[in-house]
Amino acid sequence: MALEHKQRSARDAILDAVKRAARQEQFLEVVSAEEARRRFESSIDRAPLAGESVALAAALGRALAADVIAPVDAPPFDRSNVDGFAVRAADLAGASANAPRRLVLNAEVVACGVQPVVEVLPGTATAIATGGVIPRGADAVVMIEHTELVEDDTAPAIDLRRGAASGQLISYAGSDIARGETLLRQGTRIGSREIGMLAACGLAATDVVRRPRVAVLSTGDELVEPGRPLKPAGVYDSNGAILAAAILEAGGEPVPFGAFPDDEVTLELAMRTALEACDMVVLSGGTSKGAGDLSHRIVSRLGSPGILVHGVALKPGKPLCLAVIGGKPLVVLPGFPTSAIFTFHAFVAPVIRVRAGLPPEAAQTVKARVPVRIASELGREEFVLVSLVAGDDGLIAFPTGKGSGAVTAFSQADGFLSIDALAAALDADSRAEVTLIGEAARAPDLVIMGSHDIALDGVVGALAERGFSARTIAVGSLGGVAALARGECDLAPVHLVDPATGIYNKHLLGPGMTLVPGWRRMQGFVFRPGDARFEGLSAARALKAALADPAVLMVNRNAGSGTRVLVDSLLSGVRPPGYANQPRSHNAVAAAVAQNRADWGVAIEPVARMYGLSFLPIAPEEYDFLLREDRHDRPAVRAFLEALYNEATRVRIRALGMEPAGQ
Ligand code: AMP
Ligand code: MG
């Protein structure tokens, strides 16, 4: 009876939790990106913060708070540009090879740092070093190479066989920096050159705009601080680190608060502390309106005016929450890394820059052709990260194809394009304007598009050692074949088996293409070590055992992959439990088995080893390169082939558990 009661209350508790999780409050009002920016920026102080004096070494990257007026001349005196002699130009009038002029040397040598005392009288000259102070009476300098020392018994003298113009080889006082002139203007971002100018004027410190202090908080029960072991179901807090660095880049001073569990009391306390201590607060995570997402609820009671925007019609980044509390901006960014960094750059970085006194970052755009169709959600302006490659008719932009959960999507993209809220897609072969991210990328020497593989990194590394840059864009084997046919890349790495013949890659060859053998990787049956159901069996018997036991769960692969073709041929029509689970990589298969979400799958040996799994070999997978024949003689292609077959590269490939194919 008591047990039954206990079971019932446990079941009710679970049901309650599920109901709470499923209750997605609707965003009250989703506004456009422009409207969001207008509301936010009109509610905050956008004036640069007050100035503070800092030592020159600490001024790098900061904005000058006020004009700097040169307090001294540079150079501080007239000085010689060369090693030679200070002379009176008039003494050398008419000098020539046939009519040399002789000048008697004064008993003084003006080295650097020496204040001359002897006047250069008519008919005399004074030896002077580069940088020496021009002595009284002299108005020109002649190079030592243009003089002959007179070596007889008379007083020391020089002969000169050419004339000199007044002012020759002299830098006059103040010619570099004149006392009283505006040396640097307010708002200038201080770089090494500016630091040099300030030091040349004798300034050891300068007034710069105070950097806004920006608190960085992360929230999520799953978050683990980098450097600690990852717990089951844990995710490293990457937003905290990337946001702190991005704040620094934007001219702010990040104040890391760390990651907090989704606990209302702790998080509210942390946010209040952050608001107290800093000029701005940036929090990531917990902003969706689902269960456990409490950031916006806390923000709504922190103070006025409070939340200005919660929900923006853009993708990625819809759940963005913009607030101002007691004059201080407080922003809750979506937790997914790409969304977080995207919305940070769109909404937060510009505010940090103006408060730090820095000019807005001018967006650099280029026009590019988009060769593939990109589907888009109606009603939200969608930003698509792209890689750029140089095509025959200008730049080509490829979507990088990683979702907003990806950490790497933003950093590996060259730029992004936007698809209008009212468009359901961007058609293939559209022309689009691409906003560049960071430095304008130099066009790579070699473009590789297709299926990615860890050993490929080694070959690209060897190519880089030969001075060639490569861009690899992972679009899958078939995507690579299509791109190669369109001339958008030089090489397409592929590993697809022809289901009809069981032969790898040859069937993918189109006109004007050759197949360059890459490497073989053994695929096999993977399972957790110690699983008595498979331990000690061959692959064939392990498979039989798996299919005989309805409690055994498999993990499949995506249709179109070579491994999937192998799996289907092994199963010959059987659909065991787990067949519908079709991740896209060997790593995902191995992770599923290692984490007990499945009991077996087919993956390559090096990946199985990396996840500590047992491996029963089945058949090799062949990873080769399709090459456009008309690109074969390009230096970068030749260098790639040389790098591929180089013994050192083959050693690297073997170390990864692959067998390099013969040349
Ligand atoms: P949330 O916005 O809290 O619903 O989180 C959405 C997704 O982003 C989840 O998959 C989180 O695990 C992930 N996420 C949230 N915060 C972070 C963070 N600080 N670093 C990396 N991933 C995060
Ligand atoms: Mg969360």
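Number of residues in the stretch 602-631 that are outside any strand (DSSP E or B), modelled with pLDDT under 95 and either within 25 Å of LEU508 (Cα to Cα) or not aliphatic (A, V, I, L, M) (or both) equals 6.
Applying the criterion of being part of a loop (DSSP other than H, G, I, E, B) and open to solvent by less than 70 Å² (accessible area, probe 1.4 Å) to the residues of the stretch 554-573, the residue that is farthest from ARG521 (Cα to Cα) is GLY573.
Among the residues of the stretch 332-360, those that are outside any helix (DSSP H, G or I) and within 16 Å of ligand 2 (Cβ to nearest atom) comprise VAL332, LEU333, PRO334, GLY335, PHE336. Here SER42 meets the list (1) out of contact with any strand residue (DSSP E or B) (no Cβ under 8 Å at 6 or more places or on another chain); (2) loosely packed, with under 14 Cβ neighbours inside 10 Å; (3) more than 30 Å from ARG355 (Cβ to Cβ) almost entirely, failing just condition (3).
Out of ARG373, ARG369, ARG355, ARG380, which single residue is basic (Lys, Arg) and surrounded by 23 or more Cβ atoms within 10 Å (Cβ to Cβ)?
On the way: ARG373 fails: surrounded by 23 or more Cβ atoms within 10 Å (Cβ to Cβ); ARG369 fails: surrounded by 23 or more Cβ atoms within 10 Å (Cβ to Cβ); ARG380 fails: surrounded by 23 or more Cβ atoms within 10 Å (Cβ to Cβ).
Of ARG373, ARG369, ARG355, ARG380, the one residue that is basic (Lys, Arg) and surrounded by 23 or more Cβ atoms within 10 Å (Cβ to Cβ) is ARG355.
Those residues that are within 12 Å of ligand 2 (Cβ to nearest atom) and free of Cβ contacts under 8 Å to residues at least 24 places away in the same chain, I need them from the stretch 214-228; list them, please. Please lay out each step first, then the result.
Keep residues of the stretch 214-228 that are within 12 Å of ligand 2 (Cβ to nearest atom), which gives 218-223.
The answer is GLU222, and nothing else.
Inspect the stretch 143-153 for any residue being modelled with pLDDT of 90 or more and assigned to a loop (DSSP other than H, G, I, E, B) and give the result as yes or no. No - not one qualifying residue is present in the stretch 143-153. For first residues located in the stretch 326-342 and more than 23 Å from ASP221 (Cα to Cα), partners that are in a loop (DSSP other than H, G, I, E, B) and more than 16 Å from ligand 2 (Cβ to nearest atom) and lie 6+ apart or on another chain with Cβ distances below 6 Å form the pairs GLY326/GLY303; PRO329/ILE44. The set of residues from the stretch 260-300 being outside any helix (DSSP H, G or I), open to solvent by 40 Å² or more (accessible area, probe 1.4 Å) and farther than 26 Å from ARG355 by Cα comprises PRO261, ASP262, ASP263, SER288, ALA291.
Go through the stretch 190-208 and count every residue that is touching an Asp or Glu at 6+ places or on another chain (Cβ under 8 Å) and modelled with pLDDT of 95 or more.
Initial filter on the stretch 190-208 (touching an Asp or Glu at 6+ places or on another chain (Cβ under 8 Å)): 200, 207-208.
This time we only want the ones that are modelled with pLDDT of 95 or more, so: 207-208.
Within the stretch 190-208, residues that are touching an Asp or Glu at 6+ places or on another chain (Cβ under 8 Å) and modelled with pLDDT of 95 or more number 2.
Of all residues in the stretch 558-567, those satisfying the criterion of being on the phi < 0 side of the Ramachandran plot, in contact (Cβ under 8 Å) with a residue 24 or more places away in the chain and not hydroxyl-bearing (Ser, Thr, Tyr) are ASN558, GLY562, VAL565, LEU566, VAL567.
Within the stretch 311-330, the set of residues being within 13 Å of ligand 1 (Cβ to nearest atom) and either open to solvent by 20 Å² or more (accessible area, probe 1.4 Å) or of a type outside the set (Gly, Ala, Ser) (or both) comprises PRO316, LYS318, PRO319, LEU320, CYS321. Among residues of the stretch 229-253 being more than 16 Å from ligand 2 (Cβ to nearest atom) and among the acidic types (Asp, Glu), the one that is farthest from VAL282 (Cα to Cα) is GLU249. Being surrounded by fewer than 16 Cβ atoms within 10 Å (Cβ to Cβ) and within 18 Å of GLY450 (Cα to Cα) is a property that ASN596 lacks.
Just give me the residues in the stretch 75-127 being surrounded by fewer than 17 Cβ atoms within 10 Å (Cβ to Cβ), within 60 Å of the chain's Cα centre (by Cα) and either part of a helix (DSSP H, G or I) or of a type in the set (Phe, Trp, Tyr) (or both), in sequence order. Residue satisfying the conditions is PHE77 alone.
Quickly run through the stretch 144-159 and pick out the residues that are open to solvent by 60 Å² or more (accessible area, probe 1.4 Å) and in contact with a Leu (Cβ under 7 Å, 6 or more places away or on another chain). Within the stretch 144-159, HIS146, PRO156 qualify. Hey, among the residues in the stretch 176-207 that are within 18 Å of ALA356 (Cα to Cα) and assigned to a loop (DSSP other than H, G, I, E, B), which one's least open to solvent (accessible area, probe 1.4 Å)? It comes out as ILE190. Residues in the stretch 200-252 that are of a type in the set (D, E, K, R) and more than 16 Å from ligand 1 (Cβ to nearest atom) were compared, and the one that is nearest to the chain's Cα centre (by Cα) is GLU249.
The values are calculated or read from the model by the stated rules, or taken from the named source; none is laboratory data. Note that the structure is a prediction, hence the values are computed from the model and not measured. Quick reminder, even Gly has a Cβ in these numbers, built from the backbone with ideal geometry, and neighbours come from all protein chains shown. Note: accessible area is taken over every heavy atom of the protein model, side chains too, but ligands, DNA and RNA are not part of it. Shrake-Rupley method; radii C 1.70, N 1.55, O 1.52, S 1.80 Å.
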